Amino acid sequence: MTLQIGKKYYTVSFNGDQSSYSLAKTNLVNQPHQVKSADFSFGSAGGTNGEMDYWDIALKFIVGLITIVLQINLSGKGNLAPSNAIDQVQNYILGGIIGGTIYNSQITNLQFIVIMLIWSVIVFTIKFLTSQNTTLNKLINGSPQVLISNGIINVRRALKNGVTASELTFKLRTHGVNDIKDVQNATLEQNGQLTVNTYDDDSVSYPLISDGQLNPNSLKREGITEEQLNEMLQAKHTNISNVYLAQMNDHTLDIVKYPSLNIIFKIKYPTQIKIFNKK
C-alpha cells in the first residue's frame, strides 16, 4: 500500500498481525488509486479489532513493579538516592526497558520477564564485583577528587572532571563560601556533589578502609602509611579484609568490623586501644 503525505509518497508495510507498521519513502511510476481517510484506519497495537490489550499491559506493569521492588530490596537502597554511577545508570536503563517494552505488543510477557531477569543479573553481578575489587570500583563508580586544597584550585583535575570555573564557584556559593582562599578542602564526590570544608569547620574524614578494601588516597590525605595502618590492625588480630569501615576521627582510628564479631574497636594512634561493644 502507498500513502501520500503532502507531496511525497510512502510504502506502508505491516507486521504479521497488523499491530504495527513502518513507512518507507518511495517514488511512483503509475498514477495512484486514491483512498479516502474515512475508508481506512490503522489498528492499535495489541488486541483484535484495533483494540489495545489492556490485560497484557497491566501484567507488564505488575512485572515491572515487582522487578523494581526486588532490585531495591536486594541490591540496597542506592537506587532511591544514587551515590555512584552504577545506581544512576541502573535507574535509567530499568526505566527505559519498562517504558520501551510495556506498550510493544511484539514483546510477549515471557520475553519481558526474561529481559528483566537478565538485567537484574547484570546489576547484581556488577555490584558484587565492584564491592570485591577496588580497581573495578574506581573504574565504574570513580573516586572522590580533591579540587581545592588550602585555597588553591587544581585546575587540571577540575577540567578533567568536567567542572568549569562558573560551576565550581556556584557550588561554593551554595555552601556559603564566596572566597576560594577560605576553603581548606573541596572534594568532588562520586555522585557529582561538592563537599566543602573551610578553615572554620572540622575536618571531613574519609574512610581508610571501606568494604574490606584499602583507600590509598585517604591514607595519603591523613598522612598515614599502609604499614602503620597494618600495625594498628594487627594489634587487634585483624586485617583489612575483615574491616567493614575504618576512618580517622581526632587522631583516633575508628574500626567497624563485619557483623560476625559485631564489635567496634577504637584504636588510639599509635598505641592506645579502646573497645566498645555495640548494643
Along the Cα→Cβ direction, 7 angstrom out, place labels at ASN109 and ILE240. What is the inter-label distance in nm?
5.1 nm
I need the Debye-formula profile for segment 140-266: one equal scatterer per C-alpha, no solvent, reported as log10 I(q)/I(0) at q = 0.13, 0.15, 0.17 1/Å, two decimals.
-0.61, -0.77, -0.90
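Return a single number: how many Lys pairs in segment 80-201, at a sequence separation of 8 or more or on separate chains, have alpha-carbon atoms below 24 angstrom apart.
Qualifying lysine pairs in segment 80-201: 6.
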Amide H neighbours of LEU147 under 5 Å, at least 5 residues apart or on other chains, H built in the peptide plane: list them.
ALA186, THR187, LEU188
Rough spin-label spacing in nm, given labels placed 7 Å along Cα→Cβ, for THR11 and ILE66:
4.3 nm
Label points 7 Å out from Cα along the Cβ direction at ASN27 and THR135: separation in nm?
5.8 nm
Summing +1 per Lys or Arg and -1 per Asp or Glu among the other residues with Cβ less than 12 Å from ASN133's Cβ gives +1
Neighbours of ILE102 by Cβ distance under 12 Å: Lys/Arg at +1, Asp/Glu at -1, summed charge -1
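Rule-based calculations on the coordinates, nothing more; no lab input. Please read these numbers as outputs of a predicted model, since none were measured by experiment. No Cβ is skipped: glycine too gets one built from the backbone with ideal geometry, and neighbour counts run over all protein chains shown.
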